[in-house]
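The values are calculated or read from the model by the stated rules, or taken from the named source; none is laboratory data. Because the structure is a prediction, the values reported are computed rather than measured. Methodologically, a virtual Cβ is constructed for each residue, glycine included, from the backbone with ideal geometry; neighbour enumeration extends over all protein chains shown.
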Amino acid sequence: MPSSVHEILTGDILEHHTGLSVADLGRLCEVEDRQIVELVEEGVLTVLDAGAARWRFGGAELRRARIAVRLQRDLGLNLPGAALALELLDEIEQLRRAVQDAAR
């Protein structure tokens, strides 16, 4: 008799304007705060209000941080390599949108 496997998926639903702290991103990405700071310094993540005493990030930055962490962890890319890969993924997404818009 075949057995069925049920997966339980968990996730975080965040608005673009959600204010996440460095500690929040670190916890959600399972990395130290230092690595989040390095992602900001490399230009991978954008701070909502760079002049604020405490950095806050929008919900979209969580996705970018997780992708960057996975690129580093799973593929062994260094930080500049992960930043470049994210930039290329962004360009691919923009090109896909442009093609879809042109097809309409």
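Anything in region 59-69 that is touching a His at 6+ places or on another chain (Cβ under 6 Å) and either closer than 18 Å to E87 by Cβ or without any contact (Cβ under 8 Å) to a residue 24 or more places away in the chain (or both)? List them, or say none.
The one that is touching a His at 6+ places or on another chain (Cβ under 6 Å) and either closer than 18 Å to E87 by Cβ or without any contact (Cβ under 8 Å) to a residue 24 or more places away in the chain (or both): A60.
With L88, L77, L62 as the choices, which residue is part of a helix (DSSP H, G or I), surrounded by 11 or more Cβ atoms within 10 Å (Cβ to Cβ) and of a type outside the set (F, W, Y)?
Checking each option against the conditions leaves just L62.
Any chance region 86-94 includes a residue that's of a type in the set (V, I, T), under 18 Å from the mean Cα position of the chain (by Cα) and farther than 19 Å from L28 by Cα?
Keep residues of region 86-94 that are of a type in the set (V, I, T), which gives 92.
Subset that is under 18 Å from the mean Cα position of the chain (by Cα): 92.
Among the residues that remain, those that are also farther than 19 Å from L28 by Cα are: 92.
Yes; the residues of region 86-94 include at least one that is of a type in the set (V, I, T), under 18 Å from the mean Cα position of the chain (by Cα) and farther than 19 Å from L28 by Cα.
In region 34-45, how many are part of a helix (DSSP H, G or I) and of a type in the set (D, E)?
Matching residues across region 34-45 total 2.
Checking the conditions here, which among A98, A103 is more than 21 Å from E30 (Cβ to Cβ), of a type outside the set (S, T, N, Q) and exposed (fewer than 10 other Cβ atoms within 10 Å of the Cβ)? Break it down stepwise before answering.
Values: A98 fails: exposed (fewer than 10 other Cβ atoms within 10 Å of the Cβ).
The unique qualifying residue is A103.
For region 46-56, does any single residue satisfy the condition of being at pLDDT below 95, surrounded by 10 or more Cβ atoms within 10 Å (Cβ to Cβ) and part of a helix (DSSP H, G or I)?
Checked region 46-56: no residue is at pLDDT below 95, surrounded by 10 or more Cβ atoms within 10 Å (Cβ to Cβ) and part of a helix (DSSP H, G or I).
Looking at region 1-10, can you tell me whether even one residue there is surrounded by 16 or more Cβ atoms within 10 Å (Cβ to Cβ), of a type outside the set (F, W, Y) and either in a loop (DSSP other than H, G, I, E, B) or at pLDDT 95 or above (or both)? Working first, answer last.
If we filter region 1-10 for residues that are surrounded by 16 or more Cβ atoms within 10 Å (Cβ to Cβ), which is where we start, we get none.
There is no residue in region 1-10 that is surrounded by 16 or more Cβ atoms within 10 Å (Cβ to Cβ), of a type outside the set (F, W, Y) and either in a loop (DSSP other than H, G, I, E, B) or at pLDDT 95 or above (or both).
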